[in-house]
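To keep things clear, I will list the structure first and then write my remarks on it.
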Amino acid sequence: RGWFELERKGGHIWSQAFGGGGGSMSSALKTKAHYRLFIVLGFACLAHSAYSSIQYHKHLRMVGEDYTGSPLDILFEILIGFCLCAFGILNTANDLLPIKMAQTFQNKTVEDYLFRPEYVTFNHRGRVVGKMML
């Protein structure tokens with residue numbers, strides 16, 4: 001099948017190639033899986049830049065030169081890795097919900113927010129002081 005035929009029928013090459021049949025996985029999960037690939041590639045870029053930086057430091061020690069900063073190729077690799085990770089994470093995350101204070105506080109009273117049962121204790125010195133006063 002050609003690319004246009006798959007697009008016209010709503011199929012994906014990924015599902016055709018791996019026997020998904022087009023209905024085994026929802027399209028939202030497919031796109032999230034694609035964005036997770038960006039995350040993996042970003043972390044691989046960051047790991048490689050860390051390894052390259054360590055090798056660069058070792059090389060400078062062997063040659064006897066002082067460290068003045070990382071080379072530009074390592075810096076660009078860090079930037080690309082960060083951008084890939086950020087892009088993948090931002091697109092993998094669920095949609096953000098708006099924070100509306102009116103909806104949050106609509107059905108609750110002040111007592112609902114001030115009552116904290118984990119701080120309620122009946123084992124305190126007030127009981128002893130009360131017995132002493134009687």
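The values are calculated or read from the model by the stated rules, or taken from the named source; none is laboratory data. Predicted model, so just to flag it, every value in this text is computed and none were measured. Neighbour counts run over all protein chains shown; Cβ positions are idealised from the backbone, glycine included.
Brief remarks follow.
- Residue selected from the range 19-73 under the condition among the β-branched types (V, I, T) and within 22 Å of L84 (Cβ to Cβ), by the criterion modelled with the lowest pLDDT: T31
- Subset of the range 73-98 (residues that are over 20 Å from T31 (Cβ atoms) and acidic (D, E)): D73, E77
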